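Values in this text are rule-based calculations from the coordinates and carry no lab data. None of these values were measured; they are calculated from a predicted model. Neighbour counts are summed over all protein chains in view; Cβ atoms, including those assigned to glycine, are modelled from backbone coordinates with ideal geometry.
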Amino acid sequence: MNRDRLREVLEFYKTHYEEIRRREDYKWEASAAWQAASPMNAADFQEALREGLKKTGNLLDSGHYYPRTALFMLMDRDPEAVRYMFTDLYREADPVGDRITIFSEKAGALRRKYYTDEELPDDDQDEHAVSVYLFLRYPEKYYIYKYSAFRAAAALLEADYIPRRKDSRNLAEYVQFCDEVRGAVLADEALMEMEKARTAEYPGADPAFRLLTEDLVICMATYFRHAELFQGSGTAQKEKKFRLDPVQRPIPLEAVPFYDAVEVARYEAGLREGALTYILAQEQLKVRSYRIAARKVPQILNAGRALGEGCDLLSFNRKGEELYISVKVTTGPESSGFSVTEAERRRSAEDPAHYRLYRVYDFDPDTGTGKYSVIRGDLTKYCLNPASYRVFFS
């Protein structure tokens, strides 16, 4: 392990400690919520388990990964089977690797017994999800395991072992890796002093600083690699809802005055680039304030890629779900017309819950600032005035 690089990470973590805390404290809240609910000692296991896992956020449900939701669906059908799964998982006399495997296998069997693939495609009770359950019950003993974070952190510190997907050695090697990192964490007096406030706020949530160690691993995998997360300051401009109604008007046939098409195209491209930069900065400020995975960073999408068809920006909501944003800019008022491509209309119709059109208006290209309002969902109702056609030939 590269000890010099580890010291760099520790210094980076301490420098940005407060902001990282704002983004990651939900894990301490999750641990505290589990300790308060104490599901394994509760008379009503079902209710206590729901209460104990309600603060886990994107540890257990994020994007297309939903172990908490799937677990609750299994529990709705067979609560006793799920309770026995947890009882077996917490039988400390048995090897931890066996317990994780058995838990995952039993979850899979319940899914196949009670649900079709259409109703529940995957139970998602993998090593990561089960490691969360283990940590919550025994925070003094276990780390939260995440393959992608382990791989990135191990590569950053030039560790002797770099994990490979589905390798049976990964979990044991992760524990060893974290033990080494934890040794450096415990030896850092300044960090231990900083951590006293969190320990007082969430007593019992992280008694052996294993969650803090996991936070350092996340830092290596994300924050330390993405300094742009800490660029900029302040809060995002408050957006407003787009409230203008679409109208249908005939497009008249008229003589078009002479203009330099190259210059117009260059000006419009510069205006659009300025607006994208402006909205990207707004989204970065917003997402930085959310408690979602650090790797979820707003970005400008490149046309020509599947992800970039029909939108300009990728961002995220408070739940960590992806948002696809199209940006339309004018130096004029909000009511100025704009063009919508068929790719934008179709994409908005296919996934209206996660599609946004940002109408940037009163934009000043010299300062790169303006105002913007947001259209959410399907753009079809706005597409009343066809202006061009795509012509194909046989």
Cα shape, region 23-84, gyration tensor, a/c 1.5 rule: oblate
Residue-averaged [θ]222 nm for the chain, counting only DSSP H segments that reach four residues, each worth -39500 (n - 2.57): -15000 deg cm²/dmol
Cα centroid separation, region 109-126 to region 1-78 (Å): 23
Folded to 0 to 90 degrees: helix 96-114 orientation relative to the chain principal axis, Cα: 60
Degrees, to the nearest 10: 189-201 long Cα axis against longest axis of the chain: 90
Residues listed by number, region 73-92, amide nitrogen under 15 Å from K113 label point at 7 Å toward C-beta: 73-88
Positive dipole terminus of the chain, leading residue within G108, F72, N385 (C-beta point charges): N385
Footprinting exposure proxy for F135, F242, F224 (fewest neighbouring C-beta atoms within 10 Å first): F242, F224, F135
Net lengthening on full extension, D160/E8 (0.36 nm per residue, minus Cα-Cα): 52.8 nm
Over region 1-115, relative contact order from alpha-carbon pairs under 8 Å, at least 6 apart, %: 17
Packing-based order for 354-361, 318-325, using average beta carbon neighbours within 10 Å, highest first: 354-361, 318-325
Helix axis angle, 79-89 relative to the chain longest principal axis, alpha carbon, degrees: 60
Separation in nanometres of the label points that stand 7 Å from Cα toward Cβ, at N41 and E92: 1.4
Set of aspartates and glutamates near K286 by C-alpha distance (under 13 Å), chain-local residues within fewer than 8 positions excluded: E239
Options (1) 1.30; (2) 1.01; (3) 1.05 - which one matches Rg/Rh (Cα atoms, Kirkwood Rh) as calculated here: (3)
Gaussian network model of the chain, Cα within-10 Å springs - most flexible of L156, L271, L384: L384
Residue exposure sequence - V287, V247 - by fewest surrounding Cβ within 10 Å: V247, V287
Nearest-0.05 FRET efficiency for V264 and H64, computed from C-beta distance (R0 51 Å): 0.75
Charged-residue dipole, Cβ positions (Lys, Arg, Asp, Glu), the chain about Cα centre, Debye nearest 20: 640
Trypsin sites (Lys or Arg not before Pro) lying in DSSP loop within region 67-137, provided at most 12 other Cβ fall within 10 Å: R91
Sequence-separation-based contact order of the chain, relative, with Cα cut under 8 Å and 6+ spacing, percent: 15
